[in-house]
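First the structure, in the form of structure tokens, and then the observations on it.
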Amino acid sequence: MSSDNEDTTSSSESEQSDSGRDTLEFIEKLSDVPMGKLPTHVDFQRTRVDCRADAPVHTDTFQYSGAYASMGVDNSLLDNFSNNFRVEVIRLEKDEMEFDMIGIDPAIANAFRRILIAEVPTMAIEKVLIANNTSVIQDEVLSHRLGLIPIKADPRLFAFTENDTANETNTIVFGLKVSCEKQAKRKGPKREGQEQEGQTRITVKSKDLVWLPNGSKFTLDSEGSNSSSKSKTYTSFSCSQDSLPEFSSNPIGPTDGDITIARLGPGQEIELEAHAVKGIGKTHAKWSPVAPAWYRMLPEVILLKDIEDQMAEKLVATCPVKVFDIEDIGNGKKRATVARPRKCTLCRECIREGKGWEDSLSLRRVKDHFIFTIESTGVLPPEVLFTEAVKILLDKCDRAINDLC
């Protein structure tokens, strides 16, 4: 009897094993679960953000290399990056650049943005020596305003100061001496910034900052100094900066000469020296080389159904950035087309009219395609800023690898 039970048990296990094997073979042969390739709906979730009327879905990214191992798909970030990454420049102007970063993870795109804002070095005014300030602006506020003026000087030609003495390799010196004479004593033509004849105020602007290539002119007060010896100043320049080839043909100064520093009334005067040094935006925002540096995922607008006649006109009128156009398809009929998908801000106004619109139109974002915009303050061209950001990220990666080895 026990022998019959054992035979029955082994027969049952064999049947279950054969059944499981048959089931697995059946699943592998299904057309919608291909091995070595993701199903359409899974690939859509991996590569697109679906922007619906209430909220976007599938916003997360799958960074684990074995996320799709059961389907025979390698999700390795490094392999995808090395095979698919490319940069396409869309628009390049003097101080602004727009380009596409394709085949990249959001974390790396954000790393470039943060490096541009906080880690690409520039030159900015750090020390202000005020000899005279009788304006209504306090010394601290005046110094802060001077610090925020972008300086057009290549920071790659200068060294960080740290605790070193200010010299021609790490410091730029500017002088500012402006006064507003009283009305009775004022002679000659009206000064630029004086709106009308007889106006009793003048505007001090960034163009009034004068580059001093020989260094500071203010002398240090020291007891027992020998009057016959050369007076010591706040800098120790061994040569004039304008004698150096990198500066002789490219004078240093503010990027914009029309930045207002102060307003002076009759009898008021400002006399000071401003020393600019090399720094990064992580220390203070005045060293940040970009105004905004931002990115957004590439929008994708798909018409799931033909939208014609009055509905097409309503769709075109609904979109605030004019993504859609109307084309004539003959026989007096019109049809909506997607003309400018890149302009789409995904405000979703076009699909908020009701369920029918959401069934006819799909708004998406491509997860690995970023529209990146850099607006420089004028310190360096935007393409140079991006190149420097790439170098900094590479240096960070090298240091991380060396620390792990």
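Summed over region 311-356, the residues that are in contact (Cβ under 8 Å) with a residue 12 or more places away in the chain and within 17 Å of A55 (Cα to Cα) give a count of 10. The lone criterion from (1) in contact with a helix residue (DSSP H, G or I) (Cβ under 6 Å, 6 or more places away or on another chain); (2) of a type in the set (V, I, T); (3) surrounded by 18 or more Cβ atoms within 10 Å (Cβ to Cβ) left unmet by I270 is number (1). Residues that are open to solvent by less than 80 Å² (accessible area, probe 1.4 Å), farther than 18 Å from T283 by Cβ and in contact (Cβ under 8 Å) with a residue 24 or more places away in the chain are absent from region 146-153. The residue list A166, A131 contains one member that is of a type in the set (G, A, S), closer than 23 Å to K207 by Cβ and either surrounded by 15 or more Cβ atoms within 10 Å (Cβ to Cβ) or over 24 Å from the mean Cα position of the chain (by Cα) (or both), which is A131. Reported count of residues in region 33-51, each being assigned to a loop (DSSP other than H, G, I, E, B) and either among the aliphatic types (A, V, I, L, M) or surrounded by 13 or more Cβ atoms within 10 Å (Cβ to Cβ) (or both), is 6.
Being crowded, with 18+ Cβ neighbours inside 10 Å, part of a helix (DSSP H, G or I) and not β-branched (V, I, T) holds for only one residue in K314, K367, K286, K391, and it is K286. Filtering region 335-355 to residues that are touching a helix residue (DSSP H, G or I) at 6+ places or on another chain (Cβ under 9 Å), within 16 Å of A312 (Cβ to Cβ) and open to solvent by 50 Å² or more (accessible area, probe 1.4 Å) leaves R335, E349, E353.
L385 meets all of the listed conditions (1) in a helix (DSSP H, G or I); (2) at pLDDT below 95; (3) closer than 23 Å to E93 by Cβ but one, namely (2).
Take K322 and decide whether it is basic (K, R), within 30 Å of P121 (Cα to Cα) and either at pLDDT below 95 or open to solvent by less than 50 Å² (accessible area, probe 1.4 Å) (or both). No; evaluated as a whole, the condition is false for this residue. The test for being modelled with pLDDT of 95 or more, under 15 Å from the mean Cα position of the chain (by Cα) and open to solvent by 40 Å² or more (accessible area, probe 1.4 Å) does not hold for E140. Which residue is modelled with the lowest pLDDT, if the candidates are limited to region 179-220 and must be under 16 Å from G257 (Cα atoms) and either in a strand (DSSP E or B) or open to solvent by 90 Å² or more (accessible area, probe 1.4 Å) (or both)? Applying the filter and picking the extreme gives E192.
Take the conditions within 19 Å of L380 (Cα to Cα), modelled with pLDDT under 95 and open to solvent by 70 Å² or more (accessible area, probe 1.4 Å) and apply them to R156. Does it pass? Answer is yes for this residue.
Of the residues making up region 358-405, those that are in contact (Cβ under 8 Å) with a residue 12 or more places away in the chain and among the aliphatic types (A, V, I, L, M) are L361, L363, V366, I371, I374, V379, L380, L385, A389, V390, I392, L393. When residues in region 241-255 are screened for being open to solvent by less than 80 Å² (accessible area, probe 1.4 Å) and outside any helix (DSSP H, G or I), 5 of them pass. Kindly establish whether G378 is in a helix (DSSP H, G or I) and of a type in the set (G, A, S). So G378 does not fit the description; no.
Yes/no per residue for (1) of a type in the set (S, T, N, Q); (2) touching a residue at least 12 places away in the same chain (Cβ under 8 Å):
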| site | (1), (2) |
| --- | --- |
| Y64 | no, no |
| D79 | no, no |
| E96 | no, yes |
| I115 | no, yes |
| T122 | yes, yes |
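The values are calculated or read from the model by the stated rules, or taken from the named source; none is laboratory data. What you are looking at is a predicted structure, and each value in this text was computed from that prediction instead of being measured. Note that each Cβ is placed from the backbone with ideal geometry, even for glycine, and that neighbours are counted across all protein chains shown. Protein only, heavy atoms only, side chains kept; ligands, DNA and RNA dropped before computing areas. Shrake-Rupley method; radii C 1.70, N 1.55, O 1.52, S 1.80 Å.
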